[in-house]
Each structure stands twice: as structure tokens, then as C-alpha cells.
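First comes the structure, then the notes that go with it.
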């Protein structure tokens, strides 16, 4: 079955006064229909640029240097604006990191949930009923009466549920969730992850889930893509990534997660060094300056994408091909 | 805490209560509001020993930050006692300034807590200026503090926007260390940091503790770091300590169902052990309408009739380990 979203060799630069920032380089990933794909990356890895490019929401100073983005077979990078508008918010929906700023504070949530259905040929009462039904589905009690409330009358967790309900109103084929639980407490986070898993079963769409929290990725995703400094360094099934990591960066990330240490320890593992400056890229492998396993070739030649199994690839000279 | 513990305690907090006014006296009288207050911190008692780390965990709004601010004298207390090295929390600005030389604060958002118009040098030297320590060689002090937190000396000329998240944290640590405090209150010291950088900051704090004999009071909602960095901990719910004891004991045998639920809510980085259900459902009730009986009964999977009517008192489940629960986990039910 073809992927709903297919990104191939995508490269994006930002033109800044300091120079050209190579934010994404040759990034490829597929989101198969009905699956949840997780993108893991630290600050500056290009996660946000990747989803902005996929939805054509890049800022003015961004230049797409090459590659393709296909959504359900359509060439996203060359779609006219009206076709893009028809896709966004309907077939592609997004849930953002901060539920406090994603909703308009001066409109009731019912009004916002009705407005978002502007494309539907349904009367106002019908749209209101659909909005209430969707709120019930995401676990908001007393949904009908709550529609007349304003965002500030809800807690952060409730607001994120509302944001998810609004995203699902269009019955999207692809839901992009950008760190949707970062602003929430663990108890609410667990409930939102549970909700996303349930909703995937109900709406039968795909989810692209962006996070730096490995625990959440393991809980939710089928496939995982590891992004480092603008490159995909490894991708595979969730089991490949967590049980058989092949890239030293993936290994280091897993080691650094304090939740994975079996013994309590005051000396926590870290990844030495810093993310490279994307204006002046190092030669060779992008991770070599921080890699504990780097050898001479790593500093001179960039590794190819090595195939471990058909679903599992890693860009490292140490992976046998 | 019993008075016999005085010798070993650096910070002692006893039956602390912090309340905020929710309506002015006129409006309260007109609307016949019984008590126009909400209790943000209630019946809180604990000690922090010198050179140790005490972690405070709980959900947003549980009162963690308010408790931290009360200790440093930033919010007035309405009952109970706070003592540091045997001395009670003073009144008056001059006495509080002296109090804050011994107890320093690391604020939650490092970038927001650093003034964008000041250089790192000026930010690190600020505590000396505030406390009238201008006779010192400030450049030497800034170099010493930068070195202590692992930043190169040339960072002194940078502005906050030129710092990464981890570097801004280090500057926050340097500012807190400036006046050689004995206790640092660290409010969410690693929130918003990547895991690799989080480890660096926590390792730095551990190193400083070893070298300088510092004690930490760490406020966090991150249980996975709590296990590694703290000696003792407390779990706060609606302003009360619902469980309190040695960190290792609480992680091994959580006694309060809320603690158990918090631990179960931590995502496990293992795709073979996915949770099928959520243990702690719903949200924290409003502090303006505290539930009767045990305040956790509205969310507790084990609540019984007694929990709805009778307020549980802290009871010891082991040495130094207590929980406010009628039916603590692991005990005979």
C-alpha cells in the first residue's frame, strides 16, 4: 500500500544574515497509511522545518533546494495555493505544542469548532452537534454546555483535547502532532497518548508524531525516524530502534534517557560536544565530531544510507552493507 | 519534625501553611463567601540535611513552586515555621536579604530570568552588587564562577540571546552560586532541555554538591530524574505532602495511590511494554473546592467509603517514610 505522505531527498536552506543555514539535507521518510510514525530529534535537528516543508508552511527565507513531498500522490511542493488550502485542515490536520496559544482566547470554543467546518454544507445546528460529538469523543464531559465556554476556562490538558478534537473534525488522512504533550503533566500526557492511540483506531488515518521524548515514541509509534542536525541518521520499526539501534547517535540517545537506567546514579550519561553549526557543516559524517566510535574515514567521507533490513536503515560507516 | 533533629537539619519546615486571598473583604462579606482564601500549601513538614538533595514532585498547581518561594521569603506564610541552620525565617527586607545569601534560587525558565540587555558578566556580578559586595574584584569572581559551572571565560561578554538552553542554565547556576549559599532552590532545573544536555546540568549540580557541600531543594515534575538526583523526596497534591520519605524507598514501594499513579504515568521507553490503560484519570480538583475526606479520593482507583468522609493523617509505613492514606499500598488492606 502506498504511503499517505512520502518525502524523498528533501533539502531545505534558510537564507540568514549570517549565511546559508542547511536546515535539512536529503531527508527521506514515508508515512504508511494507518500507521503512526515518530520523528525523534533534539533542538535544532530540523523537526519543525520538516513538518513546515511537508505542509508548505515554510517561512519566507526558506529555499527548497531539492527533493519531493508527495501527499496521497499529489506533488505538495508544486500545488497551487487553492489546492493546498483544500488539503490543509481537512486532509492534513495539525496539533501544536502549546495548547494555550493554539486557540483564539476571545472566541468560545464552540464558535471556533463551528468556524473550522466552514467548508461543510451543514447548517449551524448540525455543525454544533458535530462539534459536541467530537468533544465527547476526546473525553470532555458535558460537551454540549462546554461549547459556550472560552479557552481560559479549560485546563491545559482539556485545551489540548479540544485542539485534537478540532483537528479530527475534518476526518484527516494525516494528523501531524508536534510535541503535543510537552506543556502537560505526566498524568495528562499519558491520557493524551492514550487518546491519540484510540483515535487512530477510530479515524483510520495516519499520525506523524514529533517528539524528543523517547518514552512517548516507544508508547505510541509503529515506525521511528531519528533526525540529527538536519539529516535522517536512522529509521526503522519501533522495535528496530529501541532493541537494535544501529547508529551511534541513536544508541547515545537511548543511553542518555534517565528512565532507561536500571540503577539510580548521580553520574548521568551525556553526549559530549554540541550540535554542529549548520552554516559551516563539518566534512564527513555529521555526527563524527561527537561520536565515540568515530575513526579517520568518518571525518573525511559522509556515510551512505546502509540497509540493515528493508525497513531499517542507518547512515553510518560501521553498518555493514 | 521532632526538635531532636535540629542538629542535623539545614532547613526545617514545620506545619507550613501558605494561603492566597481570592476576594477582597468587602466582596467576601457581600457574597457571603465563608473564607476568601485558598490554601496553596497546607500542613507541610520536612527537613533538608546539609549536603543532600530533597526533591519535590507533583502536578502543575500542586503548590510546589509556592512552597519554594515561601522558603526564600517571596510569599508570606500564614502558619507554621521555617528555620534555616536553626534560625527562624526573619521579617523585614534587610534580614530577608541576609537570608537569601544562604538560600539561593534557580528560576524555572533560565532565558526569561536573565535580563536580555545585560552581559553574562553583568548578570553573574549582579548578586554581589545587590548585596553590597562591590569591594571584591568582580572580574575575578565572574571568572571563578564561569569556571565553576564549566563555561569558558570569554562567555562573560555574551548576551543571553547568544546562549544555548544548556549554557543559559549554567549561567543561572553561576548566579545562584555567587554568594556561596548553603542551599539552592532549583525550580525545574532541566525543563525544556534535550536529554543529553539535561544530563550535563544534573551532573554539574552533583559535582558542585560534592565540592561545595551544597544542599538542593529541587522542584520538578520529572520523576525519572528524581530517582537519580535526590536522597529524599515528597509528593505534593493540592498543597499537601501525600507521601514523603527516602527516594529509593518511595520508588521501590510507593505507599500512596497517587505516587503509584504518577510512577505508572511515566512513559516507558520500551515498545514491548506499552501501557494498555491509564491509571490516573481526570484532573486535580479546584483548590477553591477541596473534596471532603481524602482530597485524592475523586481520582483514586482504590477509594472506599471512609476515604470520602475522613481526612487521612500521615502514617508511617517504614522508618522516615509516611503517606497520607487510609489504605496505603503494600499494607494489609
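The values are calculated or read from the model by the stated rules, or taken from the named source; none is laboratory data. All figures in this text were calculated on a predicted structure; none of them were measured in a lab. Cβ coordinates were reconstructed from backbone atoms using ideal geometry, including for glycine residues, and neighbour counts include every protein chain displayed.
Odds and ends about this structure:
- Count of residues meeting criterion [crowded, with 16+ Cβ neighbours inside 10 Å, out of contact with any helix residue (DSSP H, G or I) (no Cβ under 6 Å at 6 or more places or on another chain) and at pLDDT 90 or above] in the stretch A:91-109: 4
- Residues being under 27 Å from the mean Cα position of the chain (by Cα), in contact (Cβ under 8 Å) with a residue 40 or more places away in the chain and part of a loop (DSSP other than H, G, I, E, B) - total across the stretch B:302-326: 4
- Odd one out for residue A:210 among (1) assigned to a loop (DSSP other than H, G, I, E, B); (2) more than 10 Å from chain B (Cβ to nearest Cβ): (1)
- Some residue of the stretch B:155-173 being in contact (Cβ under 8 Å) with a residue 24 or more places away in the chain, farther than 30 Å from residue A:251 by Cα and in a strand (DSSP E or B): no
- Residue A:236 vs. criteria surrounded by fewer than 24 Cβ atoms within 10 Å (Cβ to Cβ), over 13 Å from the mean Cα position of the chain (by Cα) and within 14 Å of chain B (Cβ to nearest Cβ): no
- The set of residues in the stretch B:214-228 that are at pLDDT below 95 and more than 9 Å from every other protein chain (Cβ to nearest Cβ) contains only B:220.
Yes/no per residue for (1) crowded, with 17+ Cβ neighbours inside 10 Å; (2) in contact with a helix residue (DSSP H, G or I) (Cβ under 9 Å, 6 or more places away or on another chain); (3) modelled with pLDDT of 95 or more; (4) under 20 Å from residue B:41 (Cα atoms):
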| site | (1), (2), (3), (4) |
| --- | --- |
| B:246 | no, no, yes, no |
| B:280 | yes, yes, no, no |
| B:307 | yes, no, yes, no |
| B:320 | no, yes, no, no |
| B:323 | yes, yes, yes, yes |
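- Scanning the stretch A:262-274 for residues that are more than 7 Å from chain B (Cβ to nearest Cβ) and either surrounded by 14 or more Cβ atoms within 10 Å (Cβ to Cβ) or modelled with pLDDT of 90 or more (or both) returns a single hit, A:274.
- Matching residues in the stretch A:107-139 - criterion: being outside any helix (DSSP H, G or I) and under 25 Å from the mean Cα position of the chain (by Cα): A:116, A:117, A:138, A:139
- Of residues in the stretch A:169-191 being touching a residue at least 12 places away in the same chain (Cβ under 8 Å) and part of a helix (DSSP H, G or I), the one nearest to the other protein chains (Cβ to nearest Cβ): A:191
- Of all residues making up the stretch A:244-261, the number that are free of Cβ contacts under 8 Å to residues at least 60 places away in the same chain and within 11 Å of chain B (Cβ to nearest Cβ): 10
- Residues in the stretch A:275-291 that are surrounded by fewer than 19 Cβ atoms within 10 Å (Cβ to Cβ) and within 17 Å of residue A:234 (Cα to Cα): A:284 only.
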